1. Just for helices (runs of 4 or more DSSP H) wholly inside region 120-230: which have at least 1 residues that are at pLDDT 95 or above and open to solvent by 90 Å² or more (accessible area, probe 1.4 Å)?
2. Could you please let me know if TYR115 is open to solvent by 20 Å² or more (accessible area, probe 1.4 Å), hydroxyl-bearing (Ser, Thr, Tyr) and either farther than 27 Å from ARG219 by Cα or not in a loop (DSSP other than H, G, I, E, B) (or both)?
3. Between a residue in region 93-119 that is on the phi > 0 side of the Ramachandran plot and any residue that is within 10 Å of the ligand (Cβ to nearest atom), which pairs come within a Cβ distance under 6 Å, given they are 6 or more apart or on different chains?
4. Just one of GLU79, GLU11 is surrounded by fewer than 16 Cβ atoms within 10 Å (Cβ to Cβ), of a type in the set (Asp, Glu) and assigned to a helix (DSSP H, G or I); which is it?
5. For GLY91, all conditions in the list (1) at pLDDT below 95; (2) over 15 Å from PHE13 (Cβ atoms); (3) not β-branched (Val, Ile, Thr) hold save one; what is the number of the exception?
6. Please find, among LEU196, LEU143, the residue that is aliphatic (A, V, I, L, M), farther than 19 Å from LEU223 by Cβ and within 16 Å of the ligand (Cβ to nearest atom).
Amino acid sequence: MRVDVLTLFPEAFRGPLDVSVIGRARAEGLLDLRLHDIRDHAADRHRTVDDQPFGGGHGMVMKVDVLDAALRAVRAEAEPPGHVVCLSPQGELLRDALVRELAGHPRLVLVAGRYEGIDERFVEHCADREVSIGDYVLTGGELPAMVLIEAVARHLPGALGDAASPREESFADGLLEHPQYTRPAEYRGWTVPEVLRGGHHAEIERWKREQRLRRTRERRPDLLADDARG
Ligand code: ADE
């Protein structure tokens, strides 16, 4: 999969996406990540990317002409044109189903907004969708873009290696994970549940399922309500 990111801060992406699963996926060519500085597409010698909002209000708005120029240039670099996603708190919430859908695209173009927002005409005419990573406001779309890339890249075939599969994780069936333990079986008097130490496969599976349901009911009842699982 190719992912192009349009941002005012390409340097913000160096580090988090260089290590672990994502770093490996990039090194192995499963993920081709390209960072583009929106400012390179400004039309004036001051490299202006934002302006005051029509109708007043505080803060600055990212300019439609600059963003459009940046997007056209990036799209022209390769085929296919890509699925264009603007990161914004106004977007559709990033959940597991959306992550899986996005992972199915051969190319994503992520637009990380800054300042008070993006000129709505860019969102309306140039983007395929707006995505939010949660009901809180960050200063820009860079961290949300990284969150999206991380979540999506784990679903690329081969990214997690042979043993692991995102199909077996939390949310794959709409439930949270059961608790996990490793050795020692006892530490400072804190013990691992007896059933896990017994080796009775069916009982262990039942226990895990019960734990997942209980946790989900206690912590995220909305997940159960969402798809009437209970
Ligand atoms: N930009 C600022 N806050 C955001 C959020 N919660 N999700 C996506 N993009 C954002």
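The values are calculated or read from the model by the stated rules, or taken from the named source; none is laboratory data. Predicted, not measured: the structure shown is a model, and the values here were computed from it. All Cβ positions, even for glycine, are placed from backbone atoms using ideal geometry, and neighbour counts span all protein chains on display. To get the accessible areas, we keep the full protein, side chains included, count just its heavy atoms, and leave off ligands, DNA and RNA. Shrake-Rupley method; radii C 1.70, N 1.55, O 1.52, S 1.80 Å.
1. 120-126, 142-153, 194-198, 201-219
2. Answer is yes for this residue.
3. none
4. GLU11
5. Going through (1) at pLDDT below 95; (2) over 15 Å from PHE13 (Cβ atoms); (3) not β-branched (Val, Ile, Thr) one by one, GLY91 breaks only (1).
6. Exactly one of LEU196, LEU143 is aliphatic (A, V, I, L, M), farther than 19 Å from LEU223 by Cβ and within 16 Å of the ligand (Cβ to nearest atom), namely LEU143.
Conditions (1) within 13 Å of the ligand (Cβ to nearest atom); (2) closer than 29 Å to LEU176 by Cα, marked per residue:
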{"residue": "VAL61", "(1), (2)": "no, no"}
{"residue": "GLU79", "(1), (2)": "no, no"}
{"residue": "HIS83", "(1), (2)": "no, no"}
{"residue": "LEU94", "(1), (2)": "yes, yes"}
{"residue": "ALA97", "(1), (2)": "no, yes"}
{"residue": "GLY104", "(1), (2)": "no, yes"}
{"residue": "ALA112", "(1), (2)": "yes, no"}
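The rows are residues; the columns are (1) at pLDDT below 95; (2) under 30 Å from GLY161 (Cβ atoms).
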position	(1), (2)
THR7	no, yes
ILE22	yes, yes
ILE38	no, no
LYS63	no, no
